[in-house]
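J.: This structure is in structure tokens; I'll ask about it shortly.
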Amino acid sequence: MISTMQTVLLCAGSMLSSSLVCPPTAVTLDAVQNAPVPTLIVMPPRPSVNETKLEKVPDAGHPFVPPGLKDQRGPCPALNTLANHGYLPHTGVVHLEQIINATREGFNMDYDLAAFLGSFLMLARGNPEYNLLSIGGEDEQVPSLPVKVDGKCPRGGLAKHGRFEGDVSMTREDAELGDDRNFQDNLYDQFLTFIGKYGDDSKVTGPNSLVNLQVMKHFKYQRFVDEQMRNPKLSFHASRLASSYNEAAFILKFFANGTDETLTVSSLGSIFRNQSFAPNWWRRASPGDLNLIASTASDINPPNTPFFVKPGENKDGKYVEDDMSDYKCDTGYYDFVYHNLPHTYDEISRGSDILGRNVKLLLENIARPFNCGTYKVVPNGPIDPDGKCERSD
Ligand code: HEM
């Protein structure tokens, strides 16, 4: 009968023994069979040239299906869109390999860039022993790590503030000021205002209707100025600054239609507001890697101009720039790993168990696109402080 009832009693002797010895706990067979287990991460094969060419997205096998109440979605519009179209599991609970494959299939993100982002997220807010992470908030499908690894706080998921999710987002509030997880209309309206002012004209969609570098430069600078004034706890250190400007570059380089490399207001709205690919949208024609993104980010935050913002934080209402004289190789990479990943990972990465081998692999994935040669930054950040667990759901 088990196969038809899909139910099993998890206490072999329960029919014979008293309920004091073995309480009548029933769990579904599916739950037993699908319960996560520690899993060695195996990197997916690198894609062939044929797998990274211009392509219409979504294909017929990936229609939009809105998220259900229990599905995880968070502050990354791209991962949300990929989950809504089934390129990522619709639940929003994913493996590293799925992130690498899905970001290529949907947006043609370069393998090493996707591996870096996914690996950092796995170490910061996922469970590297089970190769599981949530693209939204805390989720019961993602087990906790042993307390000694990262304290008593639940792992949280991508939406949990700190380490990765941070200040000066474009369409999400700073955590200190409001909702840092969900799309905010008022911020998006500001974005539209800048497009209306600085956007390129299009014969098809009209004047000032295309997102360009000038839009991003002005909008991002305004977002920084606003949050510097409004958020007394503004934290904009090297890694957050880098990811914040890189995300602005993602908009120009990954959200644009691969056919003519232009980004219309309606395509932008489709991904941000509806978390769905726009009609007749094609992904870019070649993989977008960290070099492309970093150089675009530097155009959006251009050194030696009035728009240039340096890493720092608010102290007593004043923005204090960071002293980065001892940051080696790349300031963003250094800050990501040295200050944001718990120091316990250093020791763990030398172990031969599944957790140790996965942590080592993930740290290597993070280092790879930065080309620092043999130099590897060692995790040296705090574990999540006991009793101060921020909830992200
Ligand atoms: C590869 C795995 C990825 C990870 C781990 C990741 C992670 C994140 C995280 C943590 C945020 C929130 C940052 C914040 O506080 O604002 C974010 C935002 C963002 N992501 Fe992703 N992301 C990934 C892929 C992508 C891709 C492929 C794209 C573009 C196609 C993208 C575009 C964006 C944009 C534009 C934002 C900024 C949203 C805003 O500021 O309102 N991401 N991502």
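Nothing in this text is a laboratory measurement; each read-out follows from the coordinates by a stated rule. Please read these numbers as outputs of a predicted model, since none were measured by experiment. Note: ideal-geometry Cβ built from the backbone for every residue, glycine included; neighbour counts use all protein chains shown.
J.: What is the spin-label model distance, in nm, from K328 to S352 if the labels are put 7 Å beyond Cα along the C-beta direction?
T.: Distance between label points: 2.8 nm.
J.: For L132, which sequence-distant residues (separation of 5 or more, or a different chain) have an amide H within less than 5 Å of its own amide H, given hydrogens modelled in the peptide plane?
T.: Hits under the 5 Å cutoff: N127.
J.: Can you give me the Cα centroid spacing of region 356-389 and region 182-208 in angstrom?
T.: Between the Cα centres of region 356-389 and region 182-208 lies a distance of 38 Å.
J.: Before rounding to the nearest 500, sum -39500 (n - 2.57) across all DSSP H runs of length at least 4 in the chain and divide by the residue total; then give [θ] at 222 nm in deg cm²/dmol. Don't skip to the answer; put the middle values down first.
T.: Numbers: 14 runs with 140 residues, N = 393.
That comes out to -10500 deg cm²/dmol.
J.: Still on this model: Find how much the distance from V37 to D201 grows on full extension, using 0.36 nm per residue of separation minus their present alpha carbon separation; answer in nm with one decimal.
T.: Working: separation 164, 0.36 × 164 = 59.04 nm, distance 5.34 nm.
Full-extension gain reported as 53.7 nm.
J.: Going by average Cβ density within 10 Å per residue, which order do the peptides 81-92, 121-132 take, highest to lowest?
T.: Values: 81-92: 22.7, 121-132: 25.2.
Peptide ranking by packing, descending: 121-132, 81-92.
J.: If you don't mind, there's one more thing I want to ask. Against the globular-protein guess of 2.2 N^0.38 Å, express the Cα radius of gyration of the chain as a ratio, rounded to two decimals. Can you show the working numbers first?
T.: Working: Rg = 22.3 Å, N = 393, 2.2 N^0.38 = 21.3 Å.
Expressed relative to 2.2 N^0.38 Å, the Cα Rg reads 1.05.
J.: Separate question: Label points 7 Å out from Cα along the Cβ direction at D189 and E261: separation in nm?
T.: 3.5
J.: Once fully extended, how much extra length lies between K53 and R273, figured as 0.36 nm per residue of separation less the alpha-carbon to alpha-carbon distance? Don't skip to the answer; put the middle values down first.
T.: Working: separation 220, 0.36 × 220 = 79.20 nm, distance 2.68 nm.
Residue separation times 0.36 nm, minus the Cα-Cα distance, leaves 76.5 nm.
J.: Right, another one. Would you mind getting me the FRET efficiency between K318 and S298? Use the beta-carbon distance for r and R0 = 30 Å, nearest 0.05.
T.: Working: r = 26 Å, r/R0 = 0.86.
The value I calculate is 0.70.
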